[in-house]
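A quick write-up on the structure given underneath.
The values are calculated or read from the model by the stated rules, or taken from the named source; none is laboratory data. Just so we're clear, the structure is a prediction, and the values are computed from it rather than from any experiment. No Cβ is skipped: glycine too gets one built from the backbone with ideal geometry, and neighbour counts run over all protein chains shown.
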Amino acid sequence: MQDKNKLLSIGDIAKLTGATIKALRYYDRIKLLEPMYIDPTSKYRYYTFDQAYFVSIIMFCVELDIPLKELTKFIDENKTIDFSALLVYGKGIAEQKLKKLQQGLQFIDNVEQKIALSKEYQNQPIYSRDIPEKFFYVVPINTPFDEIDRFEVLLSFLDLEYSEEDEWELTEYGYLCEYSPTGVRRYAFAELLEYKESENIKVIPAGKYFCTQTRTSKIENTPKVFEEHLKGENSFLAIETEIFASKYEINKPINELRVIELY
């Protein structure tokens, strides 16, 4: 029989390691860390000082999001831990988390840049800015945009595949119009970060675009909105996409309508 006076109570272990009593009971239940002694009368759990060290290892694994049931893979029937294997595994998990954190920080930087950009022009009715070449995956629309179901159209892009890195990028989506002397071709689009050979891919030219910010769709009125800037030109590209603002209204976001002449 163990001498309880030489063991730590579950409360002592909790104070020593920072683990909660509830967590310690859970470790016991999944047979990850069983008490050295359980009082048959009170059912209180008692532990050794050495077990406190193992609790710290468990908490390290919890911090790295290593499932505790996976931790048992590194412990043999003699309660021996393969530290080398556990550290290699833990390092891999930590590197993945670090990568996600770095991507998250880059995402925040990108959003802040876009907010700053929209804020810079928010009080200008029409402004011009340089926009780089873009690649759009497009879906033809056969009716004016104000007659379509926006939700149904955007469902067309759910199957587009992006890499793990690309998922953190702020790709654009919205409406595209190609104006020409023969009429208007309408598309819904989703931006891709690299060119792919497909009949559904359009290369959007780099250049100086005239732009305006609006809370309602105006792409159908592009010729009138930019009448002074187009100066009668009837071959141009119009793009309408949501942009970020410091105060973003979920149900009424700000759009940026852009236009560039096609030669």
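For the residues Tyr195, Tyr121, the requirement of being under 29 Å from Lys247 (Cα atoms) and either touching a strand residue (DSSP E or B) at 6+ places or on another chain (Cβ under 7 Å) or modelled with pLDDT of 90 or more (or both) singles out Tyr121. The condition (being among the acidic types (Asp, Glu), closer than 30 Å to Lys202 by Cβ and not assigned by TED's automatic domain parsing to the domain that holds Glu199) is satisfied by just one residue among Glu152, Glu112, Glu95: Glu112.
Checking Gln122, Gln51 one by one, the residue that is surrounded by 15 or more Cβ atoms within 10 Å (Cβ to Cβ) and not small (Gly, Ala, Ser) is Gln51 and no other. Of note, Ile131 does not satisfy the criterion of being of a type in the set (Val, Ile, Thr) and modelled with pLDDT under 85. For Leu86, the test of being surrounded by 13 or more Cβ atoms within 10 Å (Cβ to Cβ), within 30 Å of Tyr27 (Cβ to Cβ), touching a helix residue (DSSP H, G or I) at 6+ places or on another chain (Cβ under 6 Å) and not aromatic (Phe, Trp, Tyr) is passed. Screening Ala94, Ala52 for residues that are within 23 Å of the chain's Cα centre (by Cα), in a helix (DSSP H, G or I), small (Gly, Ala, Ser) and closer than 30 Å to Leu16 by Cα leaves exactly one candidate, Ala94. The residue list Glu220, Glu249, Glu242 contains one member that is of a type in the set (D, E, K, R) and either part of a strand (DSSP E or B) or closer than 19 Å to Asp130 by Cα (or both), which is Glu242.
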